[in-house]
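Q: Before I ask anything, here is the structure I am working with.
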Amino acid sequence: MRQAGRYLPEYRAIRQKVDFLTLCKTPELAAEVTLQPVDILGVDAAILFADILLPLEAMGAELQFVKGDGPTFPSPVRTREDIARLREPNVDETLGYVFDAMRLVRRELDGRVPVLGFGGTPWTLAAYLVEGGGSKHFEHLLAWSYGDPEGLSVLLDRVADVSIAYLLGQIAAGAQALQLFDTWGGLLDLDRWRIVALPPLRKIVDALKGKVPLIYYINGGTHLLPALAELPVDVLSVDWRLPLSEVRRRLGDGAPKILQGNLDPAALLAPIPEIERRTAAVIEQGRGGGHIVNLGHGILPMVPVENAKAFVEAVKRTAI
Ligand code: CP3
């Protein structure tokens, strides 16, 4: 889950000087903010500072981060003609800054903790690219998925190919595990997720399988667990809406997955004794298989740093 970000004064100090995309594209600064949560919170792994949307920019889609609005694509991709205008980027030329940041982080960490790389799933990346940014109902995306599913799958396949090159580049630069974010996978019902979202995701998983451990994150998608039980990833990461014990039960015996999660990110806004109580509950519910303790989604900007620290310390006290 997101480790760096606006809840950290040290991150905000850097963001006062540079905008978000410049931060992503300046390897020395990206490496610095990657290390902040490791030094300040004492987490057991670093997450490279970047964004899932960067490969879409590399494909030629103009990307802006407008203050308060989050990411926007001023020229969304909504037709087959729009797809044809996208580029097939050389990732070393267009995304080399991410690989440089990864190399710097590995060097600066010097084995202290492992570094995770990441990317979005094609469905989740397309959600932003087709909609032109975040959205409440994702109507353009969903209309396309019903009106011309083959056309949309051309886009998803193009995004999958770029993602494979991008993620292999992260591994070559030193990523020791990769997380795939499917933040909007849960928009689809089980059958449509299998038909629309799974094929390009499988393409990525099959290309990366066995190279480094793969973590797949789904948000709002516990109805997809029957399909996820068959996804050949090493770790399944879930949001906070179901206890991990129930997630494990629904996955069934045939899925020897390590689970990651799943404290409600809003629980970090609670008083510290309540954070400790809820963290202990998450650890308890995670028993019965491998468990990477984490939040169920990205950390919220309002979270006091002391609360984030209390979470990490509570895990370290109880987990082993
Ligand atoms: O240490 C880390 O946290 C790693 C970096 C990281 C970022 N984004 C940096 C970031 C990671 C892993 C992501 C993933 C990401 N980006 C996802 C998938 C996970 C999720 O949150 O569901 C998505 C959907 C995005 C796209 C994105 N980037 C959105 C929707 C936003 C706006 C969010 C908001 O809080 O307003 C971003 C911006 C972003 N990416 C920030 C950070 C630290 C905040 C930017 C800022 O400094 O203003």
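The values are calculated or read from the model by the stated rules, or taken from the named source; none is laboratory data. Worth saying up front: this structure is predicted, and the values here are computed from it rather than measured. We place every Cβ from the backbone using ideal geometry, glycine too, and count neighbours over all the protein chains shown. For accessibility, only protein heavy atoms count, side chains too; no ligands or nucleic acids. Shrake-Rupley method; radii C 1.70, N 1.55, O 1.52, S 1.80 Å.
Q: As an exercise: evaluate residue 77 against (1) surrounded by fewer than 19 Cβ atoms within 10 Å (Cβ to Cβ); (2) farther than 22 Å from residue 305 by Cα; (3) more than 20 Å from the chain's Cα centre (by Cα) and give the number of the one condition it does not meet.
A: So the condition that residue 77 fails would be (1).
Q: Additional query: Looking at 55, 37, 27, which one is within 8 Å of the ligand (Cβ to nearest atom) and modelled with pLDDT of 95 or more?
A: Criteria check complete, one pass: 37.
Q: A follow-up question, please. Filter segment 65-74 down to the residues that are on the phi < 0 side of the Ramachandran plot and touching a residue at least 12 places away in the same chain (Cβ under 8 Å), then identify the one that is farthest from the ligand (Cβ to nearest atom).
A: Checked segment 65-74; the qualifying residue farthest from the ligand (Cβ to nearest atom) is 74.
Q: I've got another one for you. Looking only at residues in segment 40-52 that are open to solvent by 30 Å² or more (accessible area, probe 1.4 Å) and more than 10 Å from the ligand (Cβ to nearest atom), which one is farthest from the chain's Cα centre (by Cα)?
A: 40
Q: Going by what's in this entry, would residue 51 be described as touching a helix residue (DSSP H, G or I) at 6+ places or on another chain (Cβ under 9 Å), in a loop (DSSP other than H, G, I, E, B) and farther than 24 Å from residue 121 by Cα?
A: Taking the combined requirement at face value, the residue does not satisfy it.
Q: If you check 70, 96, 120, which single one turns out to be over 20 Å from residue 170 (Cβ atoms) and under 20 Å from the mean Cα position of the chain (by Cα)?
A: Result: 70 is the single residue among 70, 96, 120 that is over 20 Å from residue 170 (Cβ atoms) and under 20 Å from the mean Cα position of the chain (by Cα).
Q: Can you name the helices (runs of 4 or more DSSP H) wholly within segment 205-316 that have at least 2 residues being in contact (Cβ under 8 Å) with a residue 40 or more places away in the chain, of a type in the set (Ser, Thr, Tyr) and in contact with a Cys (Cβ under 9 Å, 6 or more places away or on another chain)?
A: none
Q: Which residue is surrounded by the fewest Cβ atoms within 10 Å (Cβ to Cβ), if the candidates are limited to segment 272-301 and must be closer than 21 Å to residue 37 by Cα and not aliphatic (A, V, I, L, M)?
A: Among those residues, the one meeting the criterion is 301.
Q: Please go through segment 12-28 and pick out each residue that is part of a helix (DSSP H, G or I) and out of contact with any strand residue (DSSP E or B) (no Cβ under 7 Å at 6 or more places or on another chain).
A: Scanning segment 12-28 gives 12, 13, 14, 15, 16, 17, 22, 23, 24, 25, 27, 28.
Q: Does residue 263 satisfy the criteria of being in contact with a Phe, Trp or Tyr (Cβ under 7 Å, 6 or more places away or on another chain) and within 21 Å of residue 118 (Cβ to Cβ)?
A: Answer is yes for this residue.
Q: Now for a separate question. Just to be sure I understand the filter: pairs with C-beta atoms under 7 Å, separated by 6 or more residues or on different chains, first member in segment 83-101 and among the acidic types (Asp, Glu), second member open to solvent by less than 50 Å² (accessible area, probe 1.4 Å). Which pairs pass?
A: 92/169; 100/27
Q: State all residues of segment 185-204 that are more than 15 Å from residue 163 (Cα to Cα), touching a helix residue (DSSP H, G or I) at 6+ places or on another chain (Cβ under 8 Å) and assigned to a helix (DSSP H, G or I); if no residue qualifies, say none.
A: Hits for segment 185-204 are 185, 186, 187, 190, 192, 193, 194, 195, 196.
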